[in-house]
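The values are calculated or read from the model by the stated rules, or taken from the named source; none is laboratory data. All values derive from a computational prediction rather than experimental measurement. Positions of Cβ are backbone-derived with ideal geometry, glycine not excepted, and every protein chain shown enters the neighbour counts.
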Amino acid sequence: MKLLQNISREFSGYNVLESAKRLYDRKPLQCSLYVTDRCNLDCSYCTEYDNSQPHPSISDLKKWAYKIRELGTMRIALVGGEPLTHPDIVELVRYCRELGFATSLTTNGFLLTRKRLQDLEDAGLQVMQISVDRMTPSPITKKTFKTILPKLDYFKDSKVSLHITGVLCQDTLPESTAVLETGLARGIPTEVRLVHADPTSFYRVQRGSPEALKNFIEWMIQRKQNGEKIHTNEAVLDYQLSLLNGKPTEWTCMAGYKLFFVSAQGKFWECSMVKTEKHIMDITLDDLFANYRKKPCQAGCGVYCAVSTSLLVDNPAKVVGREIVARAKRVPALLRHAMSSNGTSLPSNPEGTQHVNGGSAGAPVAEERESLVGSARG
Ligand SMILES: C[S@@+](CC[C@H](N)C(=O)[O-])C[C@H]1O[C@@H](n2cnc3c(N)ncnc32)[C@H](O)[C@@H]1O
Ligand code: SF4
Ligand code: SF4
């Protein structure tokens, strides 16, 4: 029975039928809402925090969330800055769930405690993305497994579906394999994504050798095709490879239409890079539809959630089909585990901690899991 549950969870996705409608109508699928500009870290590749700004009030955030839902949006990704610095984040999650959003939150995890996770789970949070770039801190990034490993245990019996996302650049590359192996060994969907393109030379990081980056992405594709829980879908892995190969993928950016961003001042942004002065409260479905067009900034675009949604809307059968095949390859591991443990206990990983949420062994318990193709953020 447990085995069947585990297998079915590999294929489930939140609000799949409702989300599927968004592939064929004119309404948006996903919004990333900046719940604050404030952050407790200062990653060198990041342009998305500003500690001179106060937190937006919970009443404004609720007003914007209501409007975003009114436009027909299915999923809301709570991002920042650092969302866990906002004092009313739990209340906002509860409100988003009351509105009917599939709700995810992206965090650096530094302020995550067992109690905070429990409160978010009780409020209905479905997906949490924790960002982990390296095993140990560097001058570029403090988001490491050194901080996050001790917290993975919180997810053992949690309904919140966890995945790990790292940034791939020169500084992190030497530890990216270890980051991926550490997540995967615990059964957590894990990904490492190429640092965004930096047309204005704003980042304080080097991207790194294209050959070394390509090798790493090819290795992720291989592991994905072997049935491992690489969180990125193959279409986006291929896209990153094509960026490094200088062979642009043919696509039409759906940012500002099928997905959009709302800033911590309530401004409507097409994506994290393309900002407008329009207020979300003034946006109509016609405004969104006007953004269904190729964009001048498409070449080299590194907003992977936009790439992922755009490729999905453009060719759902191809993108979802490949993901289903990749997940089907996980089933033998579930069967092996069921036969070896009789499905009653969670095995230990080499360090002795138990596999956590997301594991092929300690399988997810949430009824509504991560979307088959969804990306929490950027
Ligand atoms: C802006 S952060 C906000 C949430 C939270 N503070 C965190 O770090 O997870 C959202 C995600 O964007 C990623 N990110 C930020 N700047 C990036 C860049 N230049 N290239 C690729 N990913 C980036 C972060 O690593 C993180 O996973
Ligand atoms: S990536 Fe996240 S944690 Fe790092 S500075 Fe940006 S907002 Fe803060
Ligand atoms: S192409 Fe990329 S940067 Fe340009 S609007 Fe689309 S998602 Fe944003």
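Number of residues in the range 33-55 that are touching a strand residue (DSSP E or B) at 6+ places or on another chain (Cβ under 9 Å) and more than 9 Å from ligand 1 (Cβ to nearest atom): the value is 2.
Before we move on, is G124 on the phi > 0 side of the Ramachandran plot and surrounded by fewer than 23 Cβ atoms within 10 Å (Cβ to Cβ)? Judged against the criteria, G124 is a match. The residue of the range 56-80 that is farthest from ligand 1 (Cβ to nearest atom), among those that are out of contact with any Cys (no Cβ under 8 Å at 6 or more places or on another chain) and polar (S, T, N, Q), is S59.
Residues of the range 245-259 include at least one that is closer than 19 Å to K214 by Cβ and of a type in the set (D, E, K, R).
Out of the residues in the range 156-179 meeting the condition of being of a type in the set (D, E) and part of a loop (DSSP other than H, G, I, E, B), tell me which one is farthest from G302 (Cα to Cα). Once the filter is applied, the top-ranked residue is D157. The test for being under 25 Å from L149 (Cα atoms) and modelled with pLDDT of 90 or more does not hold for G256.
In this structure, is A65 within 16 Å of ligand 3 (Cβ to nearest atom) and under 20 Å from V160 (Cβ atoms)? Spelling it out, it is not the case that A65 is within 16 Å of ligand 3 (Cβ to nearest atom) and under 20 Å from V160 (Cβ atoms). Checked against the criterion of being surrounded by fewer than 17 Cβ atoms within 10 Å (Cβ to Cβ), away from ligand 2 (no atom under 16 Å from the Cβ) and at pLDDT 95 or above, the candidates S8, S52, S59 yield just one match: S59. Of the strands (runs of 3 or more DSSP E) entirely within the range 180-285, those holding at least 3 residues that are of a type in the set (D, E, K, R), over 20 Å from the mean Cα position of the chain (by Cα) and surrounded by fewer than 22 Cβ atoms within 10 Å (Cβ to Cβ) occupy 275-279.
Note on the range 141-168: among residues that are within 16 Å of R193 (Cα to Cα) and touching a residue at least 60 places away in the same chain (Cβ under 8 Å), the one that is surrounded by the most Cβ atoms within 10 Å (Cβ to Cβ) is I164. The sole residue among L346, L244, L334 that is at pLDDT 85 or above, out of contact with any Phe, Trp or Tyr (no Cβ under 8 Å at 6 or more places or on another chain) and among the hydrophobic types (A, V, I, L, M, F, W, C) is L244.
Could we say that M135 is modelled with pLDDT of 95 or more and within 16 Å of ligand 2 (Cβ to nearest atom) here? Against the criterion (modelled with pLDDT of 95 or more and within 16 Å of ligand 2 (Cβ to nearest atom)), M135 does not qualify.
A264 meets each of the listed conditions (1) within 16 Å of ligand 1 (Cβ to nearest atom); (2) over 17 Å from Y66 (Cβ atoms) apart from (2). Figure legend. Inter-residue proximity from the range 76-87: first residues under 14 Å from D37 (Cβ atoms), second residues more than 9 Å from ligand 2 (Cβ to nearest atom) and part of a strand (DSSP E or B), beta-carbon distance below 6 Å, spacing 6+ or different chains. Indicated pairs: L78/L33; L78/L105; V79/S32; V79/Y34; G80/Y34; P83/L105. Before we move on, is R134 buried (at least 24 other Cβ atoms within 10 Å of the Cβ), in contact (Cβ under 8 Å) with a residue 24 or more places away in the chain, over 14 Å from T107 (Cα atoms) and more than 11 Å from ligand 1 (Cβ to nearest atom)? So R134 fails the test.
Filtering the range 76-121 to residues that are hydroxyl-bearing (S, T, Y), crowded, with 19+ Cβ neighbours inside 10 Å and out of contact with any Pro (no Cβ under 9 Å at 6 or more places or on another chain) leaves T85, Y95, T103, S104. Restricted to the range 159-172, and to residues there that are in contact with a helix residue (DSSP H, G or I) (Cβ under 6 Å, 6 or more places away or on another chain) and more than 16 Å from ligand 2 (Cβ to nearest atom), the residue that is farthest from L149 (Cα to Cα) is K159.
Every residue, every condition in (1) away from ligand 3 (no atom under 16 Å from the Cβ); (2) under 24 Å from S104 (Cβ atoms); (3) at pLDDT 95 or above, yes or no:
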site	(1), (2), (3)
K143	yes, yes, yes
K146	yes, no, yes
L162	yes, yes, yes
S209	yes, no, no
V236	no, yes, no
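Scanning the range 116-131 for residues that are more than 14 Å from ligand 1 (Cβ to nearest atom), in contact with a helix residue (DSSP H, G or I) (Cβ under 9 Å, 6 or more places away or on another chain) and without any contact (Cβ under 8 Å) to a residue 60 or more places away in the chain yields R116, L117, Q118, D119, L120, D122, A123, G124, L125.
Take I89 and tell me if it is away from ligand 2 (no atom under 16 Å from the Cβ) and either modelled with pLDDT of 95 or more or touching a helix residue (DSSP H, G or I) at 6+ places or on another chain (Cβ under 7 Å) (or both). Judged against the criteria, I89 is not a match. Within the range 185-197, is there a residue that is touching a His at 6+ places or on another chain (Cβ under 7 Å) and among the polar types (S, T, N, Q)? So far as the range 185-197 goes, yes, one or more of its residues are touching a His at 6+ places or on another chain (Cβ under 7 Å) and among the polar types (S, T, N, Q).
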